[in-house]
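Asker: I have a structure I would like to understand better, so I am pasting it below and will then ask my questions one at a time.
The values are calculated or read from the model by the stated rules, or taken from the named source; none is laboratory data. Just so it is clear, the structure is predicted and the values come from calculations on it, not from any experiment. Cβ atoms come from the backbone with ideal geometry, glycine included; neighbour counts cover every protein chain shown.
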Amino acid sequence: MEKLKDWLKKIQDFFTKLNEKMDNEHKKYFIIIFIAGLVVRIVSLWGFLAFGTGDWNDMNEKVWIALNTYLINGIDPYGQTYEMPILDIINIENFYQYPPLSFIIHTPALLWPGPASYFEVDFMPVFFIIHFIMDFYMFYRLWKVKFNGSAITLWLLAGPLMVLFDFITFISVPMFFILLAYLNMDKPKRSAFYISCGVSVYTYLGIPALFLLTYFIKKQRWTGIKNFIIGAIPAILTILPFLIWDPKAFLSDIFMSQGTRVSGNFIHPTYGDSYWWTHLFSIPPYINTIYNLLVDPSIPLSLPYLTPILLGIVILFVLYFLIKLYLKPSVDRLIDYSFWTILIFILIAPSGFLGYMFLPFILLSIKINKNLLKNK
């Protein structure tokens, strides 16, 4: 135990000294890390495009269908059919599960001359450019507040993963909003604006939004509520037209669609969908598999209503932590509870894609860097 403590202390001392060194020559190191990260991203992108086989696009293609097939033709994107060839499989879903800011942000894709996508992996340049800009701004903001370790991890070390995620998903967009929301906790209106925009892109951010709202209410009472509502108005205005257009389709797609998804079974990987390995970061397939082994390994089994039941349990945990935060508010508790609850929420979802883990990572990086700054 003592050896472990010594080892952890050495790591902390190393990063503290590294931060101090970088602080002394902040601009120089920024340029070095930026160029190194840029090279890593260019090489990674070239590798994926040159050697990738099959159709990789997923979330971005769904946004493109919502925009190009439905919205531009005056059709409500919610409640429609989405057919996408992913990894040589035809995946048909009768819902669009992302709030409307997801396709509003990506409307520049409609102005792109020529084909929307290129190469066998279905690479969409406009989507990638939008996400690349957000990645760079996150790196810049983290560096500006001297969260050097997180900046390096996001821009340089995680570069290949971010390149991959940026052209098959839009995970950089909710990452962007959650980072800015928590970096602006001292400005409630601005923080509320960013987190509400995040919720208007990706519903998972509703959890950190609840914790921020609880924190502001406890700290500022009615002023906190007022500031949060004012900050959230722009995001609310993006949702209202689609809620009014077809409330049943909108509410069903946003809140009910995920609970109807089959969550997979690892000993029968073709049950539900054939790319079972994307569920490795999801709890339901493990439960289904264990249950299947105990009952009858020869029959592919997926427990009905498993996701809604797990979601109900997680909601109880969220309420518990919200009460704890309200009774004893602090920035550390706010970040801690937001991190754990969104992590658990992601793990109980049917699709355990690795990219989702970048959302709690952003919160964890803020927590770690705040502690490093305190120790200086």
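Asker: TYR98 passes all but one of (1) part of a loop (DSSP other than H, G, I, E, B); (2) over 16 Å from the mean Cα position of the chain (by Cα); which number fails?
Answerer: Status for TYR98: all satisfied but (2).
Asker: Sticking with this structure for a sec: So which pairs qualify, if the first residue must be in the stretch 106-126 and free of Cβ contacts under 8 Å to residues at least 60 places away in the same chain, the second must be assigned to a helix (DSSP H, G or I) and among the small types (Gly, Ala, Ser), the Cβ gap must be under 7 Å, and the two must be at least 6 apart or on different chains?
Answerer: That search, which allows pairs on different chains as well, returns ALA116/ALA109; VAL126/ALA109.
Asker: Assuming MET84 fulfils every condition listed in (1) farther than 30 Å from PHE193 by Cβ; (2) in contact with a helix residue (DSSP H, G or I) (Cβ under 6 Å, 6 or more places away or on another chain); (3) in a loop (DSSP other than H, G, I, E, B); (4) of a type outside the set (Asp, Glu) apart from one, which condition is it?
Answerer: Failing condition for MET84: (3).
Asker: Provide a single number: the residues in the stretch 351-367 that are closer than 10 Å to PHE165 by Cβ and surrounded by fewer than 19 Cβ atoms within 10 Å (Cβ to Cβ).
Answerer: Adding up the residues that qualify gives 1.
Asker: Still on this structure: Quick test of your reading of the structure: THR214 fulfils all but one of (1) under 23 Å from PRO174 (Cβ atoms); (2) more than 18 Å from the chain's Cα centre (by Cα); (3) modelled with pLDDT of 90 or more; (4) surrounded by fewer than 18 Cβ atoms within 10 Å (Cβ to Cβ). Name the failing condition by number.
Answerer: So the condition that THR214 fails would be (4).
Asker: Go through the stretch 330-348 and give me each residue that's under 21 Å from GLY312 (Cα atoms) and either touching a helix residue (DSSP H, G or I) at 6+ places or on another chain (Cβ under 6 Å) or crowded, with 23+ Cβ neighbours inside 10 Å (or both).
Answerer: TYR337, SER338, PHE339, THR341, ILE342, LEU343, ILE344, PHE345, ILE346, LEU347, ILE348, listed by residue number.
Asker: Pull up the stretch 128-164, narrow it to residues that are of a type in the set (Val, Ile, Thr) and assigned to a helix (DSSP H, G or I), then point me to the one that is surrounded by the fewest Cβ atoms within 10 Å (Cβ to Cβ). Give the steps one after another, and end with the answer.
Answerer: The initial filter retains those residues of the stretch 128-164 that are of a type in the set (Val, Ile, Thr), namely 129-130, 133, 145, 152-153, 163.
Now narrow it down to the ones that are assigned to a helix (DSSP H, G or I): 129-130, 133, 152-153, 163.
Numbers: ILE129: 15, ILE130: 21, ILE133: 12, ILE152: 20, THR153: 16, VAL163: 24.
So the residue we want is ILE133.
Asker: When you look at PRO125, is it surrounded by 15 or more Cβ atoms within 10 Å (Cβ to Cβ) and farther than 29 Å from GLY47 by Cα, yes or no? Before you say what the answer is, go through the steps one by one.
Answerer: Numbers: surrounded by 15 or more Cβ atoms within 10 Å (Cβ to Cβ): yes; farther than 29 Å from GLY47 by Cα: no.
Criteria not met by PRO125.
Asker: If you don't mind, another one. List the residue pairs whose Cβ atoms are under 6 Å apart, where the first residue sits in the stretch 187-212 and is free of Cβ contacts under 8 Å to residues at least 60 places away in the same chain, the second is outside any helix (DSSP H, G or I) and surrounded by fewer than 23 Cβ atoms within 10 Å (Cβ to Cβ), and the two are 6 or more positions apart or on different chains.
Answerer: ARG190/ASN184; SER191/ASN184; SER191/MET185
Asker: What number of residues in the stretch 174-200 are among the β-branched types (Val, Ile, Thr) and either surrounded by fewer than 24 Cβ atoms within 10 Å (Cβ to Cβ) or over 20 Å from PHE127 (Cβ atoms) (or both)?
Answerer: Qualifying residue count for the region: 2.
Asker: With the requirement that a residue be without any contact (Cβ under 8 Å) to a residue 60 or more places away in the chain and either closer than 17 Å to GLY206 by Cα or among the aliphatic types (A, V, I, L, M) (or both), what does the stretch 318-343 give you?
Answerer: LEU319, TYR320, ILE323, LEU327, ASP336, PHE339, TRP340, LEU343
Asker: Any residue in the stretch 55-83 that is more than 18 Å from PRO99 (Cβ to Cβ) sitting within a Cβ distance under 7 Å of a residue that is of a type in the set (S, T, N, Q) and surrounded by 17 or more Cβ atoms within 10 Å (Cβ to Cβ)? List the pairs, counting only those 6 or more apart or interchain.
Answerer: Between residues of the stretch 55-83 that are more than 18 Å from PRO99 (Cβ to Cβ) and residues that are of a type in the set (S, T, N, Q) and surrounded by 17 or more Cβ atoms within 10 Å (Cβ to Cβ), the close pairs are ASN57/SER117.
Asker: Here's something else I'd like to know. How about the stretch 180-204: which of its residues are in a helix (DSSP H, G or I) and within 20 Å of PRO329 (Cα to Cα)? Can you show your working first?
Answerer: Step one: list which residues in the stretch 180-204 are in a helix (DSSP H, G or I), which gives 180-183, 188-199, 203-204.
Across the stretch 180-204, the qualifying residues are ALA181, TYR182, LEU183, PRO188, LYS189, ARG190, SER191, ALA192, ILE195.
Asker: Quick one: what pairs do we get from the stretch 283-310, first residue more than 21 Å from SER257 (Cβ to Cβ), second among the aliphatic types (A, V, I, L, M) and outside any loop (DSSP other than H, G, I, E, B), C-beta under 8 Å, 6+ apart or different chains?
Answerer: As it stands, the answer is LEU301/VAL295, since those pairs meet every condition given.
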